Structure formats: C-alpha cells, structure tokens
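Reviewing the structure listed below.
Just so it is clear, none of the values below were taken in a lab; they were calculated from the coordinates. Quick caveat, the model's predicted, so the values are computed rather than measured. Glycine also receives a Cβ, built like all others from the backbone with ideal geometry; neighbour counts cover every protein chain displayed.
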Amino acid sequence: MSQAGFVSLRTTSTYFVPSNQVPRAYIFYVKLRQSSDTGIVKNEIQERYGESYDLQMITIDDLMAEVNNNIGQFFVVFDIIVYMAIISATGGIAATMLMTVNERRREIGMLRSQGMSNAKIFLLVLAEAVFLGLVGYVVGVVAGLFLLRGVTLLMSTTGLNVPFLVPWERIQFALLLAIATAIIGVTYPSLRATRVNLIEVLRYRG
Amino acid sequence: MQAEIVVELINVTKTYRLGEVQVQALRGVNMKASRGQIVAIMGPSGSGKSTILNLAGALDRPTSGKVIVDGKDISRMSEGRLGQIRRDSIGYSFQFYNLIPVLTAYENVELPMLIAGIGGEERHERAHELLGLVGLSDRSHHRPDELSGGEQQRVAVARALSKRPPLVLADEPTGDLDSKSGMQVMTILRDLAKKELSTVVMVTHDHQNASLADRILEIRDGMIIKETEII
C-alpha cells in the first residue's frame, strides 16, 4: 500500500487519462461513506468513465468473493487428497488385518477351542486395527504439524507472514476419522476370524 | 455307588459331505467315561477317532445321536453355548501342541484360566503349580520356540489341566515326539489327571501309551469294535 493513496473524486479526475495516453496512476481506491450503496456507486463510475478510461471496477465484496473462491478451490484439492487417503487407508487396514487373521488362524482356533467367544475374537481383531489406526493418527498429526510449520516458515521468507496455528478442531476430527476408518476396514477381517474352522486349523501343523 | 459319568456318546453318527460324496465318519457310536478315568481310542487313520474327540470336545455337532458332557446334552447347542462348554468343562491337548508362539510357557498355561475368568492370584498360583508338576518351573519364561517338542507338549498338558476341567481331550499327544519323551508326557498326563480327578479321552496310535489308560476302545469304519479294560 506504500505506492497508493486515498484521494477525493475531484482529485482523481486529474489523474485519469484517456485510454490512448500513458496513465499517471493505475489503481484508484474509492472510499465510500458508510451509508452509500457500493453497487450504485460502482455503476455510476462505470457509466461516467468506464468506456473512455478503460476502467475495471472491483468492489471489496467482489475481491473477497474472488479470494474466498480461490481458497475454496485450493482446499477442494486438499479435501480430495484427504478422501483418497482415507479410502486407501481403509483398504490398507482391511488387507493388513486379513493377512494377520490368515496368518493367525491356528492361534484364533486355539483361543476359540479354549472357549473364547466369537464376540471377544471380533473385539480382539478390532482392537488391534484401532491400535494400528491410532499409531497412524499420531504419526500423521506430528508429520502434518511439521509440514505446516515448514510451509509457514517458507511463506515468511517470501514476505507473506502466515501465522502457525495448530488446527485443534481438525486434529480432533482426524482422531474420530482414524478410529472410524480402522473400524470400517477391520469389520470383514474380524468376521473372517470368527469363522475359522476349528477342526481344520487345530489338527494340522503349519 | 455308580461313578459319575463325565462324557457319554449315545448312538452317535456323523456324516461329512465332501463335494458330491457323503462320508459317514461315525456309524452309531456308544461310549462313556467316568470321572478320573483314562480312555484311549485306537484305530487306523480315517476310522473316526478324531471325529469322536471333536464331538466330545464341543468342536462339532453329531448328525444324529446324543453327546453329553458334564451332564449337559451338547448335541444341538448353538455355537455360543458350545463355546461356554469348551471354556468351562473341557481341556485340550493337541498333537502339534498349538501353543501361542508369542506367549511364554507360563502365559500359555495361564490363558485358558484368563478366558474362563479366573482371578489373577489363583491363575498365578495354578500356572506355577502346574509348570512345577510337569517339571518346567525353570522354563516358565521361555517361549515355545525355545522349548523342545517334549517340553512344549508338557506345557500343552499343563494348559489342558489348568482350569481343572472335568474332561481332558488329547489328540495324539505323543504323536510328534520320540518314544522316550512321549512316554514321559503320557505319564505326566495320567498322573495329573488321576491327581485332579479329570477324565481323559485320548486318541493314540501307540500301544505303549494306550497301556497307561484304564480302558482301550478300538474303532474301525466308524464303529467301536472292541473294548478292553486294563487292570
């Protein structure tokens, strides 16, 4: 803003030049009285000077809408990445736990032969997946905070001082998401664990 | 006074379906064992020995007939109720031990008691007592892969008896051991069962092991063809 100044409409008129001449100023900020209607003033300036001075009129509201729109689009990309990560995490947990259940069929069979109920077997597998999800959550939050700190430091080197704020709400939401992802991912492997054929797995070695 | 019957099979048949073929594993088996008795089941492969053990052990249901364990008819019980019978009334010893590899000998013996909801102090005392009785006090903190086959089977025997079940089922408990270790395990199993008044039903191919039982049942083609009392 050091290269700009606020001037009256009368003064402004002396700096306007027709579009075929070299301008003495490129950008003019128009400050209105609080009671004024931005749209009416904008239209009036456009009507009076728009064509002859090749003006482009932008109100603060237009500017804010544009900025918000750009930020929104930027974050849509991030949201898509997050949703894709959630889907692949769910698949990853399902695959990992299916493998685990398959590798431990004999142990699961042994537990069931000792009278452990299907509900407890289900919970056992579920607990392991939730634990995995929580480990991933902690690693993800710590890595995310380091990344955020890195980005804010990088931006400050370009003159844009963006404060480093810990997004507590998002972190809490991510905790619920991590648990929900683990539960969804492990449901099928847990059911598989309760359907292990006892006779088959206990009789043979390996 | 008549001895208390712990396990009884009445006219039990079991038919498996293997694709299009029906295989009749048991054809009307009758047997019973009273408290503290050791019964050996002998017979060739495929004769139905393990099927009897699976049915008596609440791991499977008969096609027809009745299976009574500790006074309860388990023939038509739901999977949940069968689980409770396994938890409260039955101990198992398998040919390949089936110990949990990440748990120590002590923890493996403790596990059935944990599942049965037995308190911590009682579990601790009982696990140490049993490991002492099978001669593994000094190996209690070793994992299965640090134990020999004979030692693992002794842990499995201690585990089978840990919750003081009225019925212990042993599927070829010495099948994977050399004769010396096998005899040692069998002697421990018999002595412990007699001491604790547990009924043992075991499947074996070994006549020497079977001679330690009170009764030998010979099975062929799904039927008991001979019963021998050992005096």
| request: Mind pulling the per residue volume of the convex hull built on the Cα atoms of the protein assembly as shown? Å³ is fine. | output: 265
| said: Distance between the C-alpha centers of segment B:182-221 and segment A:21-78? Whole Å please. | reply: 96
| request: Using amide H atoms built 1.01 Å from N in the peptide plane, name the residues 5+ places from residue B:97, or on other chains, whose amide H lies under 5 Å from its own. | output: none
| message | Please list 3J(HN,Hα) in residue order for segment A:114-122, calculated via the Karplus relation 6.51 cos²θ - 1.76 cosθ + 1.60 where θ = phi - 60°; whole Hz, with x for glycine and proline. | response | 8, x, 5, 6, 4, 4, 6, 4, 4
| said: As a test of the formula, what do you get for chain B when each DSSP H run with n ≥ 4 contributes -39,500 (n - 2.57) and the sum is divided by the residue count, at 222 nm and rounded to the nearest 500 deg cm²/dmol? | reply: -10500 deg cm²/dmol
| field | Acute angle (nearest 10 degrees) that the helix B:79-89 long axis makes with the longest principal axis of chain B, alpha-carbon atoms | value | 60
| query | Using modelled backbone amide H atoms (1.01 Å from N, in-plane), which distant-in-sequence or interchain residues come within less than 5 Å of residue B:65's amide H? | reply | B:13
| If you take all C-alpha pairs in segment B:5-229, what percent of them are over 21 Å apart? | 53
| task | Give, as a single signed number, the net charge of other residues whose beta carbon lies under 11 Å from the beta carbon of residue B:58, with Lys and Arg counted +1 and Asp and Glu -1. | result | +2
| query | Ratio of segment B:1-104's C-alpha Rg to 2.2 N^0.38 Å, to two decimals? | reply | 1.15
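What FRET efficiency comes out for residue A:36 versus residue A:143 if R0 is 60 angstrom and r is the Cβ-Cβ distance? Round to the nearest 0.05.
With a Förster radius of 60 Å, E is 0.75.
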| message | Under a Cβ-only charge scheme (Lys and Arg +1, Asp and Glu -1), can you give me the dipole magnitude of the protein assembly as shown about the Cα centre, in debye to the nearest 20? | response | 660
| task | Please find, in a Gaussian network model of chain A (springs between Cα atoms separated by less than 10 Å), the residue of A:187, A:96, A:152 whose mean-square fluctuation is greatest. | result | A:152
| In percent, what relative contact order does segment A:71-203 have, based on Cα pairs under 8 Å that are 6 or more apart in sequence? | 47
| Dividing the Cα convex hull volume of segment A:94-188 by residue count, how many Å³ per residue is that? | 99
| message | Using each residue's phi in segment B:187-204, evaluate 6.51 cos²θ - 1.76 cosθ + 1.60 at θ = phi - 60° and report the 3J(HN,Hα) Karplus result to the nearest Hz, with x for Gly and Pro. | response | 5, 4, 4, 5, 5, 5, 4, 5, 5, 9, 6, 8, 8, 10, 10, 10, 9, 8
| said: Could you tell me which residue out of A:8, A:50, A:35 lies farthest along the dipole of chain A toward its positive end? Charges go on the beta carbon: Lys and Arg +1, Asp and Glu -1, centred on the Cα centre. | reply: A:35
| request: Any chance you could list P(r) for chain A, counting all Cα-Cα pairs in 10 angstrom bins from zero, rounded to whole %? | output: 7, 20, 17, 14, 13, 10, 8, 6, 4, 1
| message | Going Cα to Cα from residue A:31, which lysines come in below 30 Å? Please leave out same-chain ones fewer than 8 positions away. | response | A:42
| task | Anything over 21 Å Cα to Cα? Flag those among B:66/B:195; B:180/B:226; B:14/B:72; B:32/B:180, in the order listed. | result | B:66/B:195; B:180/B:226; B:32/B:180
| query | In whole Hz, what ³J(HN,Hα) sequence does segment B:152-158 give by Karplus (6.51, -1.76, 1.60; θ = phi - 60°), x for Gly and Pro? | reply | 4, 5, 5, 4, 5, 5, 4
| task | Specify the angular offset, from 0 to 90 degrees and rounded to the nearest 10, of the alpha carbon long axis of helix B:120-133 from the longest principal axis of the alpha carbons in chain B. | result | 80
| message | Please list, ordered by chain and number, the residues whose modelled amide H lies under 5 Å from the amide H of residue B:220; skip anything fewer than 5 residues away on the same chain. | response | B:225
